[in-house]
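To start, the structure itself, in structure tokens.
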Amino acid sequence: METATKSASPFPGGAWTLGRHVARRLVQIGVTDVFSVLGNFNLALLNHLVAEPGLKLVGCCNELNTGYAIDVYMRAKGIGVRIYICWERVSDEIGARFRRAFEEEEPIRSSWGILSSDVFSYPEDESVLDPLLAQHLAFFGIDFSSLQKTEMTTAERELDQNTNFDWNRIQESGQEAEPLFGPGYTGLVNLGNSCYLATTMQVMFSTRSFCSRYYMNQSLKKAFVDAPADPTVDLNMQLTKLANGLLSGKYSVPAPEKQEGIPPRMFKSVIAASHPEFSTMRQQDALEFFLHFIDQVERVNAGKPELDPSLSFKFGIEERLACPSGKVAYNRRHDYILSLGIPLHKAINKDELEAFQKSKAERDLEGKEVSTGQIVRPRVRLVDCLQSFIAEEEVHDFYSTELKAKVTATKNAGLTSFPDYLVLHMRKFVMEAGWVPKKLDVYIDVPDTIDISHMRSKGIQPGEELLPEAAAGDLAESEKLLANEDIVSQLASMGFNYLHCQKAAINTSNAGVEEAMNWLLSHMDDSDIDAPISQEAQSSGSSFVDQSKVDTLVSFGFEEDIARKALKASGGDIEKATDWIFNPNASGPSDMSVSSSTTSIGDSNLPDGGGVYRLMGIVSHIGTSTQCGHYVAHIYKDGRWVIFNDEKVGVSKDPPKDMGYLYVFERLNS
């Protein structure tokens with residue numbers, strides 16, 4: 001009986017592998033030069049090819065370029081035979097690509113400068129990481145540790161192209177702008193990422209309300225006398241000083257070299273003192289700064305509505321909620337901005353957009369870039385954005401006091417008053433899949449005048465029946481909690497709006513970061529996402545009170561428990577809370593009912609009028625995020641558009657009306 005014995009391995013260590021076998025057989029049939037194609041399987045094979053004595057690895061790239069390289073190499077070396085080895089599943093595909101390279105006689109194409117450990121793997125049919133990238137590069141004499149990035153990826157190049165386009169268009173680069181000097185044409189020096197502040201303040205001091213309060217009806221001397229012990233930390237004093245600098249014309253005179261603006265250092269120090277972000281040198285969101293600024297102005301003018309310029313921006317919003325029972329509820333709140341989603345599906349240039357995307361895809365395959373002049377972006381009408389605000393939408397997990405259960409309700413909103421100045425915020429910053437923030441490259445068709453008369457709320461209608469008030473047991477069902485600061489801080493560190501993070505934590509009962517994140521991503525387009533928590537909590541029957549407002553009332557000399565009680569009774573409104581403290585019997589429960597269709601005490605002080613507005617200011621953002629980039633303001637003054645770009649002030653020849661981030665409209669008298 002004979003026993004079969006396995007022959008000894010010819011390889012060191014006795015290890016038989018497919019790679020070693022292929023390498024040895026290539027040498028045995030006389031192959032000396034090898035080209036390789038990238039891939040997970042192939043890269044593992046390369047280790048054996050490189051180690052095999054007698055084999056020389058000439059190059060490694062994709063299939064088509066490898067074919068070109070082999071063709072040229074064979075002609076240069078006088079080689080007459082080529083052999084290619086590949087996995088059976090893709091042999092026809094690779095062979096076809098090689099044959100195409102030999103037949104076309106095109107020059108060799110290479111891509112340099114974009115270094116990545118991503119390689120394509122045929123078994124997985126997707127890109128994978130090469131764990132031995134440094135080793136493979138070292139074979140070609142490339143020191144991985146000393147490499148520096150010299151080229152942008154395709155996505156980075158496209159992003160840079162869009163940013164450059166925005167930069168040139170918004171700043172009106174390449175156009176000879178006529179410098180302007182005199183009252184109202186003073187620029188603001190950039191203190192280091194302070195353009196968000198400069199653009200906002202230029203718009204504010206182009207309104208009648210702020211000009212009257214801090215310049216025409218207020219002198220520097222009077223502001224100094226009325227200020228507390230230290231005028232340097234008094235906001236009214238610093239606003240008067242800033243208004244004098246911007247509106248007097250004393251600091252806006254022709255200069256020999258360039259325009260010189262005024263540095264708003266003391267104002268920035270005061271307005272940012274109570275805010276952890278605005279007190280830094282980092283770029284900020286102009287919208288957040290506007291809301292913070294208006295809040296601070298309202299505080300320092302509390303109890304004096306005849307002086308408060310922030311009232312000219314304040315308006316009421318009424319939301320109508322209808323549950324499956326057929327009964328309805330009306331919630332009211334105040335706001336200073338109208339935040340609008342952008343319905344991309346209503347783009348008016350869909351055909352042109354589809355043609356561009358098809359052309360771009362073809363050019364990408366050919367390795368060609370799209371020029372700036374060929375870029376096509378979605379174009380959406382402002383009227384469609386406004387319509388999306390008042391359109392009916394579903395509200396999930398709404399607790400119905402009639403059905404004693406959480407149901408899906410329908411909600412629509414309207415305005416209870418039309419302010420003197422209407423600020424529209426375009427939600428250009430969205431979250432893509434995987435929680436990746438993205439700025440929408442979109443144009444908004446904004447007319448010079450708009451009519452929002454149809455957006456006025458109608459209040460309770462004949463035949464409608466209100467949902468019953470929540471019973472004591474029901475309150476626990478819908479009661480809101482205080483936001484868990486750990487959850488809020490983790491979300492905020494990812495770049496989300498702090499107020500939005502608080503709402504996410506509250507609405508998920510502080511269940512955790514992931515739950516709060518999911519809620520936040522699904523509610524980014526809510527019409528009331530920027531509403532103060534105290535007002536929203538009041539509208540849902542919550543006992544939450546904004547501690548900062550409590551502190552404000554305490555600073556007026558009131559006891560904390562009285563201040564808290566007054567804020568609860570007045571829906572979080574400081575002015576109404578002050579009235580309540582002095583006359584607690586004047587406001588009965590019916591005045592604060594969320595289901596009431598009558599105008600509350602606070603609404604009587606709000607400006608109101610017709611719904612026709614004229615565009616008077618644009619704040620545009622350049623960059624990929626509100627935490628970076630640059631802001632520029634365009635303001636309609638003296639019958640012409642003027643560009644305010646830090647200290648530079650000049651005539652605007654082509655204001656970017658379709659690229660704004662914030663739009664400010666002035667109500668026309670009617």
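Computed from the coordinates by the stated procedures, all read-outs in this text should not be read as laboratory data. Everything numeric here is computed off the predicted structure, so don't read it as measured data. Note that each Cβ is placed from the backbone with ideal geometry, even for glycine, and that neighbours are counted across all protein chains shown.
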Loop-resident sites, the range 168-268, for GluC sites (Glu not before Pro), counting at most 10 other Cβ within 10 Å (DSSP): GLU176, GLU257
Per-residue ³J(HN,Hα) for the range 51-56, Karplus 6.51 cos²θ - 1.76 cosθ + 1.60, θ = phi - 60°, Hz, x for Gly and Pro: 7, 7, x, x, 9, 10
Above-threshold pairs, the threshold being 24 Å between Cα atoms, out of LYS346/LYS458; LYS358/LYS439; LYS637/LYS657; LYS428/LYS549; LYS314/LYS653: LYS346/LYS458; LYS428/LYS549; LYS314/LYS653
Cα Rg, Dmax (largest Cα-Cα span) when computed across the range 229-372, Å: 24.3, 73
Amide proton proximity set for TRP641, modelled H, under 5 Å, gap of 5+: SER652
Cut-off under 5 Å, modelled amide H: who pairs with VAL395 long-range: ALA409, THR410, LYS411
Built amide H within the under 5 Å cut-off of GLY184, gap 5+: LEU247, SER248, GLY249
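Between beta-carbons, use under 15 Å as the cut-off and find the net charge around ILE444, counting Lys and Arg +1, Asp and Glu -1. Before the final figure, lay out each step's value.
Numbers: positive: ARG169, LYS346, ARG377, ARG379, ARG381, ARG427, LYS428, LYS439, LYS657; negative: ASP166, ASP384, ASP441, ASP445, ASP448, ASP658.
In short, +3.
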